[in-house]
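Please read the structure below before turning to the comments.
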Amino acid sequence: MTAVGHFIGGPQGMAAFFVIGLAINFVSYWFSDKIVLMMYGAKLATEQELPQVHRIVQNLTQKAGMPMPKIYLMNSPVPNAFATGRNPEHAAVAVTTGIMNILDEKELTGVLGHELSHVQNRDILISTIAAGIAGAISMLSRSALWFGGSRDDREGGGHPLAMILVAILAPLAAMIIQMAISRSREYAADESGARLTGLPMSLASALKKLETGVKRHPDNAHPATAHLFIVSPLSGKSFISIFSTHPPTSERVKRLEDMAAGPKLIY
């Protein structure tokens, strides 16, 4: 961030963006979960409001020896789910109304096992910080265009060509950060979630349903948070697959099918 700040505003810009970077890191660690939940209008759901989800999550957390996370509900027809929080003691699992309408109990168990694996593996801290970094890089690219013409070279301002390069490459860098983190962790969460539930084929079935559901209901999710969801909420949009934050669903399903064909998992 300091290098980009130097391009934008010289030494003063570098100092300013260093402070901004520290602030973003602080907020990302302590408040990113609350920010993401507010972004999607997620409401805390009681056991009376979501008895099925509470029962499944309680059973799985007891089996895994994990604290019970808070359960949130998002009023959205888009079938999806995500986990957030800085550690297992401060975690939340959010589901949409859409996912509750299309999955059976075993499929929902597979999805919740996947999300709890993110919590157990502490992926949620990495992913929420990645969301903060990606959002910061996007902000920097917009700042490059905004501040690029406000200073001349004699006052230490960045070269116009540098401004253009930053504006073009920064969003690409944010996308690569998300892609590198998300793809590997999704495979790992699929595997560990399937082992936790003993239901690899149910998770595979759920992933196929969710991908189809997202295509039918394209979401307006923010690209900086897309990697948090079990399937990309941007799948319904024209998105170059190489830059997707998630691995191909077909490959995820294949790996789960291979698991199911191996030694029997006990649920």
Number of the condition not met by Ala91 [criteria: (1) at pLDDT below 95; (2) out of contact with any Lys or Arg (no Cβ under 8 Å at 6 or more places or on another chain)]: (2)
Output for region 75-91, where each listed residue is part of a strand (DSSP E or B) and under 15 Å from Thr225 (Cα atoms): Ala81, Phe82, Ala83, Thr84, Gly85
Members of region 222-238 that are outside any helix (DSSP H, G or I) and either surrounded by fewer than 21 Cβ atoms within 10 Å (Cβ to Cβ) or at pLDDT 70 or above (or both): His222, Phe229, Ile230, Val231, Ser232, Pro233, Leu234, Gly236, Lys237, Ser238
Condition check for Thr245: surrounded by 23 or more Cβ atoms within 10 Å (Cβ to Cβ), at pLDDT below 80 and either touching a His at 6+ places or on another chain (Cβ under 6 Å) or of a type in the set (S, T, N, Q) (or both): yes
Residues located in region 183-197, provided they are modelled with pLDDT of 95 or more and surrounded by fewer than 23 Cβ atoms within 10 Å (Cβ to Cβ): Glu191, Ser192, Arg195
Residue check, Ala180 modelled with pLDDT of 90 or more, farther than 22 Å from Glu105 by Cα and under 19 Å from the mean Cα position of the chain (by Cα): no
Conditions (1) under 24 Å from Asn121 (Cα atoms); (2) at pLDDT 95 or above: number failed by Glu49: (1)
Enumeration of residues in region 92-107 that are part of a helix (DSSP H, G or I) and surrounded by fewer than 23 Cβ atoms within 10 Å (Cβ to Cβ): Thr97, Gly98, Met100, Asn101, Ile102, Glu105, Lys106, Glu107
Number of the condition not met by Ile266 [criteria: (1) part of a helix (DSSP H, G or I); (2) among the hydrophobic types (A, V, I, L, M, F, W, C); (3) modelled with pLDDT under 90]: (1)
Filter result for the condition that a residue is among the aliphatic types (A, V, I, L, M), at pLDDT 95 or above and buried (at least 21 other Cβ atoms within 10 Å of the Cβ), over Leu73, Leu116, Leu44: Leu116
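The values are calculated or read from the model by the stated rules, or taken from the named source; none is laboratory data. Here the structure is a predicted model, which means the values were calculated and not measured. Cβ atoms come from the backbone with ideal geometry, glycine included; neighbour counts cover every protein chain shown.
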